[in-house]
1. With θ set to phi - 60° and the Karplus curve 6.51 cos²θ - 1.76 cosθ + 1.60, what are the ³J(HN,Hα) couplings of the stretch B:250-260 in order, to the nearest whole Hz, using x for Gly and Pro?
2. For a quick check of understanding: with a 1.4 angstrom probe and all protein chains in place, what accessible area in square angstrom does A:THR264 have, to the nearest ten?
3. Based on the Cβ-Cβ distance from A:GLN330 to A:GLN350, what FRET efficiency comes out when R0 is 30 Å, to the nearest 0.05?
4. Within the stretch A:79-168, report the trypsin sites (Lys or Arg not before Pro) that DSSP leaves as loop and that have at most 15 other Cβ atoms within 10 Å.
5. Would you tell me the accessible area of A:PHE291, worked out with a 1.4 angstrom probe on the heavy atoms of the protein chains, in Å² to the nearest 10?
6. Modelled label-to-label distance, A:GLU40 and A:GLU9, 7 Å Cα→beta-carbon offset: nm?
7. Roughly how crowded by other chains is peptide A:135-142, in terms of the mean Cβ count from those chains within 10 Å of each of its Cβ atoms?
8. Run the numbers on chain B and let me know its relative contact order in percent, using alpha-carbon pairs under 8 Å that are six or more apart.
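The values are calculated or read from the model by the stated rules, or taken from the named source; none is laboratory data. Not measured: the values here are computed from a predicted model. So basically every Cβ, Gly included, is an ideal-geometry build from the backbone, and we count neighbours across all protein chains shown. Side chains included, ligands, DNA and RNA excluded: accessible areas come from the protein's heavy atoms. Shrake-Rupley method; radii C 1.70, N 1.55, O 1.52, S 1.80 Å.
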Amino acid sequence: MKRILENIESQFEMFQILNEKGEVVNEDAMPDLSDEDLKEIMRRMVYTRILDQRSIALNRQGRLGFYAPTAGQEASQLGSHFALEKEDFILPGYRDVPQLIWHGLPLYQAFLFSRGHFHGNQMPEGVNAVSPQIIIGAQITQAAGVGLGYKKRGQEAVAITYTGDGGASQGDFYEGINFAGAFGAQTIFVVQNNQFAISVPVEQQSAARTIAQKAVAAGIEGIQVDGMDVLAVYAATKEARERAISGDGPTLIETMTYRYGPHTMAGDDPTRYRTEETDNEWEAKDPIVRFRTFLENKGLWSEEEENEVIDKAKEEVKAAIKKADEQPKQKVTDLMDIMYEELPAFLKEQREEYQEKESK
Amino acid sequence: MAQMTMIQAITDAMRTELKNDENVLVYGEDVGLNGGVFRATEGLQKEFGEDRVFDTPLAESGIGGMSIGLALTGFRPVPEIQFFGFVYETMDAINGQMARYRYRSGGTRPMPITVRSPFGGGVHTPELHADSLEGLMTQQPGLKVVIPSNPYDAKGLLIQSIRDNDPVIFLEHMKLYRSFREEVPEEEYTIELGKAEVKREGKDVTLVAYGAMVHTALKASEELEKDGIEAEVIDLRTVAPIDYETIIESVQKTNRAVVLQEAQKQAGVAAQIVSEIQEKAILHLEAPVLRVTAPDTVYPFSQAEQVWLPNHNDIVEKVNRVMNF
């Protein structure tokens, strides 16, 4: 008998364009990006790394609330986002605030989301996205629906959703990719495999050697990508987008990455489940270091340019925090007003009680 | 005017809205070609095409989540959960997600979704087909829950539910699907959600009911009339939000009330109504407000369901207790 599983698994090799030294190892797959595009990708990654550092510091000072660190995942998050267009719809997980910011969510609103203020969840007009999902996997079936909606409307746009390696264990993950396949939804499913679901290593999530191969069971395309290589992530997402809008169905992309920080800033201690060796091994693959070398070798990047981005990020974070501080305090009555299109009688009664309570 | 069963009225409501609004989509397991296991969507795929009326893979959570995605792209989905006992499979999509979306998006992402589903006892179904699970849904802020008791209401309420910009759980009692016909206008009309109807006027006791129990209440009222007790019967039609105004007004007149539900006793719609009556009308009451419900077990295997389900004798007995308090 043929060993089907082995045959399938062996075909899911990790797709890479830039190796850890910043050398192009897959010239044929090199995406068609202008020098300015390449520099913009670098700016976004550096900016996001600084934003992460500042967010962690602000959280420690008690000036931010819920925060899931992003350092290490910049190539996965921003490389995939760079392949999108404004009309594409993002359904993020809770670590995917950077994609929302680059899709148009003002920074001060991202901070309000962290602080638990509902204005942080109000996407500005024209920003095609919803706020980060907290229930792992719930966004995946929804993304199948958005991608189907776009198909029904004949729109040249895709839905993209993000989850982690743990998310790929949820029932909704399988239902989502299966529905999308069955309906030919214009959807891209990105699993950022950062090796740990809080503390549980990916080896304990599944007997499957890759998450990408799960696409096979749903009858859709799947690819495993070096998630520390921004060009590979970009190229894979770009191709998935073209496939989706040309009617060739959804794609599952697994990006192999690592979060340097804790799961969230709410007391997770990664030293309980990760070794320093593993940390070092992954930091040697750093997406920014690698891409910087690549750009420097092309004469496209300098220390001054990097410092400019760092200064800009710091200034904008400062201004955004100030703006977040200036927002009116959130009230229970505000929340009552947005529960339904029209306030039902029973809630009207309760609203009066709270209005009185809040006026004191 | 045409004579229609409740299932025909439901089909007619969907046909009306599929015609009125190209954003309306009707789908679910066996909903397309087969027209639904109860034929609720009979002929709709043929009339409106596979793009608007279609079958889905067999996965309720997927149906729920996909509905949210379709609503995010401006559609007005009318998914079917084949039997409401299967709702547990999609509780996160409905209660955790759909119900909260308007709120979680700061009021920017409405969910104009109508989840239709058959439920209700007395028709010898296997496990998890007949359960009255409306109480689980009424506890969830953000959802409206509608339960019609007759063909006329079913059409008007379903059209209104589909037009509503908030998620509506529309529950159809299986026993009522084909139990009787009545006159239903062929043209479109709507019935406001959250408005009860007084089905029978009476001065002695108020019976509050919904779904199939409305008919049980009416049957009990006939019995009671023989003993000179005039019961007022209220059909809630919507169990979230509940029309407390109509209930309180009636109780202020009759001074006695018995609240009925096919669901188990604990923490249900009836318990909520009893609380509200004592909060708003305690000085009008001549007797404690009693409930007629099923006992607090899981829904029984079908051989025991006729005893398990509350019947008109149970109502008569409880009414006699409040009359003689």
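1. 3J(HN,Hα) across the stretch B:250-260, in whole Hz: 5, 5, 5, 7, 8, 6, 9, 8, 10, 10, 10.
2. Only protein atoms counted, so the area is about 10 Å².
3. On the way: r = 17 Å, r/R0 = 0.56.
My answer for the efficiency is 0.95.
4. A:LYS86
5. 0 Å²
6. Calculated label separation equals 4.1 nm.
7. Average per residue, whole number: 6.
8. Values: 716 pairs, mean separation 52.9, N = 325.
Answer for chain B is 16 percent.
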